[in-house]
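The values are calculated or read from the model by the stated rules, or taken from the named source; none is laboratory data. Here the structure is a predicted model, which is why all the values come from computation and not from measurement. Using ideal geometry, Cβ is built from the backbone for each residue, glycine included, and neighbour counts are taken over all protein chains shown. We work out accessible area using only protein heavy atoms, side chains counted, and drop any ligands, DNA or RNA first. Shrake-Rupley method; radii C 1.70, N 1.55, O 1.52, S 1.80 Å.
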Amino acid sequence: MSLENYRDQKDKTGHLGTEEFPMHYTGKLEWHEINVFAGYDENGEPIINILGRDVTEAHDKADTKAQLEIANASSAAKSAFLFNMSHDIRTPMNAIIGFTELLEKHLDDEELAREYIKKIQTSNDFLLSLINNVLEMARIESGKTTLDESC
(Lines give C-alpha, C1' and ligand atoms only; values in the text may rest on other atoms or scores of the structure.)
Protein backbone atom coordinates (compact mmCIF):
# COMPACT_ATOMS: atom_id res chain seq x y z
CA MET A 1 0.00 0.00 0.00
CA SER A 2 1.44 3.40 -0.90
CA LEU A 3 1.60 6.31 1.54
CA GLU A 4 -0.86 8.22 -0.67
CA ASN A 5 -3.60 5.81 0.41
CA TYR A 6 -3.28 7.02 4.03
CA ARG A 7 -4.24 10.69 3.39
CA ASP A 8 -7.95 9.81 3.33
CA GLN A 9 -7.79 7.16 6.07
CA LYS A 10 -7.30 9.22 9.22
CA ASP A 11 -9.26 6.69 11.29
CA LYS A 12 -6.91 3.87 10.28
CA THR A 13 -3.83 3.00 12.33
CA GLY A 14 -1.53 2.95 9.32
CA HIS A 15 -0.11 -0.41 10.35
CA LEU A 16 1.73 -1.87 7.35
CA GLY A 17 2.73 -5.16 8.91
CA THR A 18 4.59 -7.16 11.50
CA GLU A 19 7.67 -9.28 11.02
CA GLU A 20 9.24 -11.66 13.51
CA PHE A 21 12.79 -12.88 13.05
CA PRO A 22 15.52 -14.75 14.97
CA MET A 23 18.73 -13.02 15.88
CA HIS A 24 21.86 -14.45 17.46
CA TYR A 25 23.08 -11.98 20.02
CA THR A 26 26.13 -12.81 22.15
CA GLY A 27 25.74 -16.47 21.32
CA LYS A 28 22.12 -16.61 22.43
CA LEU A 29 19.13 -16.95 20.13
CA GLU A 30 16.69 -14.10 20.54
CA TRP A 31 13.48 -13.37 18.71
CA HIS A 32 12.58 -9.83 17.69
CA GLU A 33 9.43 -8.34 16.24
CA ILE A 34 9.10 -5.16 14.23
CA ASN A 35 5.90 -3.29 13.45
CA VAL A 36 5.81 -0.75 10.65
CA PHE A 37 3.34 2.13 10.66
CA ALA A 38 2.92 4.72 7.93
CA GLY A 39 1.07 7.99 7.92
CA TYR A 40 1.42 11.75 7.55
CA ASP A 41 2.37 14.49 9.96
CA GLU A 42 0.38 17.70 10.44
CA ASN A 43 2.13 19.25 7.43
CA GLY A 44 1.15 16.37 5.15
CA GLU A 45 4.67 14.92 5.09
CA PRO A 46 4.91 11.13 5.04
CA ILE A 47 6.03 9.49 8.27
CA ILE A 48 7.19 5.92 8.82
CA ASN A 49 7.42 4.58 12.36
CA ILE A 50 9.21 1.31 13.03
CA LEU A 51 8.74 -0.17 16.46
CA GLY A 52 10.77 -3.14 17.58
CA ARG A 53 10.65 -5.32 20.63
CA ASP A 54 12.23 -8.47 22.03
CA VAL A 55 9.69 -11.30 21.91
CA THR A 56 12.05 -14.12 22.92
CA GLU A 57 10.08 -15.00 26.06
CA ALA A 58 6.75 -15.08 24.21
CA HIS A 59 8.33 -17.09 21.38
CA ASP A 60 9.82 -19.58 23.84
CA LYS A 61 6.44 -19.93 25.57
CA ALA A 62 4.79 -20.55 22.20
CA ASP A 63 7.43 -23.19 21.39
CA THR A 64 6.90 -24.82 24.77
CA LYS A 65 3.14 -24.77 24.25
CA ALA A 66 3.51 -26.28 20.77
CA GLN A 67 5.82 -28.99 22.13
CA LEU A 68 3.32 -29.71 24.92
CA GLU A 69 0.51 -30.00 22.36
CA ILE A 70 2.64 -32.42 20.32
CA ALA A 71 3.41 -34.45 23.44
CA ASN A 72 -0.27 -34.51 24.42
CA ALA A 73 -1.28 -35.59 20.92
CA SER A 74 1.37 -38.31 21.02
CA SER A 75 0.14 -39.46 24.42
CA ALA A 76 -3.46 -39.52 23.18
CA ALA A 77 -2.41 -41.51 20.11
CA LYS A 78 -0.56 -44.03 22.27
CA SER A 79 -3.56 -44.31 24.61
CA ALA A 80 -5.87 -44.91 21.64
CA PHE A 81 -3.40 -47.46 20.26
CA LEU A 82 -3.26 -49.32 23.59
CA PHE A 83 -7.06 -49.25 23.90
CA ASN A 84 -7.47 -50.67 20.39
CA MET A 85 -4.66 -53.16 20.91
CA SER A 86 -6.17 -54.47 24.15
CA HIS A 87 -9.45 -54.99 22.29
CA ASP A 88 -7.66 -56.67 19.38
CA ILE A 89 -5.79 -58.98 21.74
CA ARG A 90 -8.89 -59.85 23.79
CA THR A 91 -10.87 -60.91 20.73
CA PRO A 92 -8.69 -63.92 19.75
CA MET A 93 -7.98 -64.67 23.43
CA ASN A 94 -11.72 -64.92 24.14
CA ALA A 95 -12.10 -67.16 21.09
CA ILE A 96 -9.28 -69.41 22.30
CA ILE A 97 -10.74 -69.61 25.81
CA GLY A 98 -14.29 -70.15 24.56
CA PHE A 99 -13.45 -72.81 21.99
CA THR A 100 -11.12 -74.58 24.43
CA GLU A 101 -14.01 -74.85 26.91
CA LEU A 102 -16.32 -76.08 24.14
CA LEU A 103 -13.70 -78.59 23.00
CA GLU A 104 -13.39 -79.92 26.54
CA LYS A 105 -17.17 -80.43 26.70
CA HIS A 106 -17.40 -82.09 23.26
CA LEU A 107 -14.36 -84.36 23.13
CA ASP A 108 -16.61 -87.30 22.29
CA ASP A 109 -17.77 -85.61 19.02
CA GLU A 110 -14.65 -85.87 16.84
CA GLU A 111 -15.98 -83.72 13.96
CA LEU A 112 -17.06 -80.89 16.28
CA ALA A 113 -13.78 -81.18 18.23
CA ARG A 114 -11.78 -80.80 14.99
CA GLU A 115 -13.83 -77.70 14.09
CA TYR A 116 -13.08 -76.17 17.50
CA ILE A 117 -9.38 -77.00 17.15
CA LYS A 118 -9.27 -75.24 13.73
CA LYS A 119 -10.89 -72.15 15.24
CA ILE A 120 -8.45 -72.20 18.15
CA GLN A 121 -5.52 -72.50 15.70
CA THR A 122 -6.88 -69.61 13.59
CA SER A 123 -7.20 -67.45 16.71
CA ASN A 124 -3.70 -68.50 17.82
CA ASP A 125 -2.25 -67.53 14.44
CA PHE A 126 -4.03 -64.15 14.48
CA LEU A 127 -2.91 -63.41 18.04
CA LEU A 128 0.70 -64.38 17.30
CA SER A 129 0.71 -62.19 14.17
CA LEU A 130 -0.74 -59.27 16.14
CA ILE A 131 1.86 -59.61 18.90
CA ASN A 132 4.70 -59.90 16.35
CA ASN A 133 3.48 -56.73 14.60
CA VAL A 134 3.36 -54.82 17.90
CA LEU A 135 6.88 -56.00 18.78
CA GLU A 136 8.15 -55.02 15.32
CA MET A 137 6.62 -51.55 15.72
CA ALA A 138 8.30 -51.21 19.11
CA ARG A 139 11.67 -52.21 17.58
CA ILE A 140 11.24 -49.67 14.77
CA GLU A 141 10.24 -46.91 17.19
CA SER A 142 13.21 -47.63 19.45
CA GLY A 143 15.59 -47.50 16.48
CA LYS A 144 16.64 -51.13 16.77
CA THR A 145 15.25 -51.97 13.33
CA THR A 146 15.63 -50.12 10.06
CA LEU A 147 13.20 -50.17 7.18
CA ASP A 148 14.36 -51.35 3.78
CA GLU A 149 12.51 -49.11 1.32
CA SER A 150 14.19 -50.57 -1.78
CA CYS A 151 11.13 -52.62 -2.75
(request) Please work out the FRET efficiency for the pair residue 70 and residue 26, using the Cβ-Cβ distance as r and a Förster radius of 30 Å; give the result to the nearest 0.05. (result) 0.50
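So, for the chain, what is the accessible surface per residue at a probe of 1.4 Å, expressed in square angstrom?
For the chain, the per-residue accessible area is 80 Å².
Order 100-108, 23-31 from most to least packed using the mean count of other Cβ atoms within 10 Å.
100-108, 23-31
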(message) Per-residue counts of other Cβ atoms within 10 Å, averaged by peptide: what ranking do you get for 61-72, 111-122, highest first?
(response) 111-122, 61-72
(request) Compute the length gained on full extension between residue 84 and residue 19: take 0.36 nm times their separation in residues and subtract their Cα-Cα distance, giving the result in nm to one decimal. (result) 18.9 nm
(request) Convert each backbone phi in region 31-47 into a coupling constant with the Karplus relation 6.51 cos²θ - 1.76 cosθ + 1.60 (shift: θ = phi - 60°), then list the ³J(HN,Hα) values in order as whole Hz, x for Gly and Pro. (result) 10, 10, 10, 10, 10, 10, 10, 10, x, 10, 7, 5, 8, x, 7, x, 10
(request) Work out the length of the dipole vector of the chain about its Cα centre, built from +1 on the beta-carbon of each Lys and Arg and -1 on the beta-carbon of each Asp and Glu, and round it to the nearest 20 debye. (result) 340
(request) Can you check what the net charge comes to around residue 63, using other residues whose Cβ is under 14 Å from the Cβ of residue 63 (Lys, Arg +1; Asp, Glu -1)? (result) -3
(message) Taking all protein chains in place and a 1.4 Å probe, what share, in percent, of the accessible surface of the chain do carbon and sulfur account for?
(response) 55
(message) Given contacts defined as C-alpha pairs under 8 Å and at least six residues apart, what's the relative contact order of region 86-127, whole-number percent?
(response) 51
(request) Compute the Cα gyration tensor for region 23-80, then decide on rounded, prolate or oblate, letting a ≥ b ≥ c be the square roots of its eigenvalues: rounded whenever a/c is under 1.5, prolate when a/b is larger than b/c in the other cases, and oblate in all that remain. (result) oblate
(message) Quick check: the angle from helix 110-142's long axis to the longest principal axis of the chain, C-alpha only, nearest 10 degrees?
(response) 30
(request) Work out the length of the dipole vector of region 23-91 about its Cα centre, built from +1 on the beta-carbon of each Lys and Arg and -1 on the beta-carbon of each Asp and Glu, and round it to the nearest 20 debye. (result) 720
